[in-house]
Amino acid sequence: MMPRVLDGTAIAAAIKKEVANEVRALAGRGVRPGLAAVLVGHVPASEIYVRSKVQACAELGLYSDLITPDNSVSTEDMLDVVASLNGRDDVDGILIQLPLPKQVDAKALIDAVSPAKDVDGFHPVNAGKLQAGRPALAPCTPAGVIEILKRSDLRIKGQHAVVVGRSDIVGKPLAMLLLHENATVTICHSKTRDLGAVTREADILVAAIGRPGFITQEMVKPGATIIDVGINRLTTREEVDLFFAGDMKREAAFLRRGSTIVGDVHPKAFEVADAYTPVPGGVGPLTIAMLMANTARAAKMRRGL
Ligand SMILES: NC(=O)c1ccc[n+]([C@@H]2O[C@H](COP(=O)([O-])OP(=O)(O)OC[C@H]3O[C@@H](n4cnc5c(N)ncnc54)[C@H](OP(=O)(O)O)[C@@H]3O)[C@@H](O)[C@H]2O)c1
């Protein structure tokens, strides 16, 4: 049987439609959710991400403001920016695009964002609430993974979910969300002994590692659901051949753009899965959709709606 491809683009579109409806309903009550994005300097990937986020706001009817401090900005100046956004009534969500220049203390900034406006879900208050099972703004990518599983009618309850990666942004919060959905959760990382033996136990295998094609077919239990969070850019022919030799579509894409992306799961590994998220078009599109959903939610929570 061919594995089922979990279409993140379609799921993200459905979520965006729901958010747009919610924004319309809020407009009837005189509320327009607003997102402020802070983009420091000129990191090309960050510029693309932030542009897509601002564009999504426009499409869905949210207000957005883009603040672009210079690359030489200090932590103190950034703290002033955050303080001013915390105080603005037209701003419900504050997004600080990472990575930040070396001289800026990213943790201090994350801590300075009002937890009520922390639509990235990175503030320790929201991380704590998530762990305690209280209503919280959850990080967008992990929240998106749960939406993919639920909206694809994939069972989470009672399943053994193995999450490879323990970052504060993806692995840890996702493990917590899966636990709240009654999965039995194992978290793996770079010090895990015999990783393959653990991943082969997974009914739901999540890869959030940041290493191209790291999860190979031998590491997957046949019939598992694979969620590939990884986004790794391949820029040389050797790299592309390593993962996509003989794949005409990828070849063409690489020739056209000079690069292509691969997840943290080797494409061959998907062949033994029951269902999987492709890269691109899997988890990626959910991140922006969930950011929009979090901003609308923050607007309601802040007003007690
Ligand atoms: N789809 C999206 O929208 C989206 C959003 C965010 C991130 N991403 C992608 O997701 C991936 C992970 O991102 P991240 O921010 O979580 O990365 P990260 O902060 O670098 O964390 C990577 C995790 O992988 C673990 N790891 C590294 N090498 C390993 C190995 N050999 N065996 C087992 N575990 C290993 C690390 O373990 P240690 O903790 O022991 O170092 C760490 O916990 C990246 O490809 C990123 O681009 C995608």
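Does segment 177-197 contain at least one residue that is under 19 Å from THR277 (Cα atoms) and in contact with a Pro (Cβ under 6 Å, 6 or more places away or on another chain)? Scanning segment 177-197, I find at least one residue that is under 19 Å from THR277 (Cα atoms) and in contact with a Pro (Cβ under 6 Å, 6 or more places away or on another chain), so the answer is yes.
Looking only at residues in segment 98-117 that are surrounded by 20 or more Cβ atoms within 10 Å (Cβ to Cβ) and touching a residue at least 60 places away in the same chain (Cβ under 8 Å), the one that is nearest to GLY304 (Cα to Cα) is LYS117. Only one of the listed residues (THR277, THR295) is more than 14 Å from the ligand (Cβ to nearest atom), of a type in the set (Val, Ile, Thr), in contact with a strand residue (DSSP E or B) (Cβ under 9 Å, 6 or more places away or on another chain) and within 27 Å of ILE169 (Cα to Cα). That residue is THR295.
Only one entry of VAL185, VAL198, VAL240 meets the criterion of being away from the ligand (no atom under 15 Å from the Cβ) and either part of a helix (DSSP H, G or I) or without any contact (Cβ under 8 Å) to a residue 40 or more places away in the chain (or both), and that entry is VAL240.
Kindly indicate the residue of segment 207-224 that is β-branched (Val, Ile, Thr) and near the ligand (Cβ under 10 Å from one of its atoms) and also farthest from the chain's Cα centre (by Cα) among those meeting that condition.
Residues of segment 207-224 β-branched (Val, Ile, Thr): 209, 215-216, 220.
Still in the list and also near the ligand (Cβ under 10 Å from one of its atoms): 209, 215.
Working: ILE209: 13, ILE215: 19 Å.
Checking each candidate, the answer is ILE215.
Can you tell me which residue is nearest to the ligand (Cβ to nearest atom) among those in segment 251-269 that are open to solvent by 20 Å² or more (accessible area, probe 1.4 Å) and assigned to a helix (DSSP H, G or I)? Per the criteria, the residue is PRO267.
Looking only at residues in segment 118-148 that are open to solvent by 30 Å² or more (accessible area, probe 1.4 Å) and among the charged types (D, E, K, R), the one that is nearest to GLY230 (Cα to Cα) is GLU147. Remark: ASP247 falls outside the filter, which requires a residue to be surrounded by fewer than 23 Cβ atoms within 10 Å (Cβ to Cβ) and closer than 14 Å to ALA161 by Cα. Of the residues making up segment 162-183, just one is surrounded by 19 or more Cβ atoms within 10 Å (Cβ to Cβ) and over 18 Å from the mean Cα position of the chain (by Cα), namely ALA183. Report yes if ALA208 is modelled with pLDDT under 95, of a type outside the set (Asp, Glu) and at negative phi, otherwise no. No.
The values are calculated or read from the model by the stated rules, or taken from the named source; none is laboratory data. Every value quoted in this text rests on a predicted model; they were computed, and no experiment measured them. Positions of Cβ are generated from backbone atoms using ideal geometry, with glycine treated the same way; all protein chains shown enter the neighbour counts. Protein only, heavy atoms only, side chains kept; ligands, DNA and RNA dropped before computing areas. Shrake-Rupley method; radii C 1.70, N 1.55, O 1.52, S 1.80 Å.
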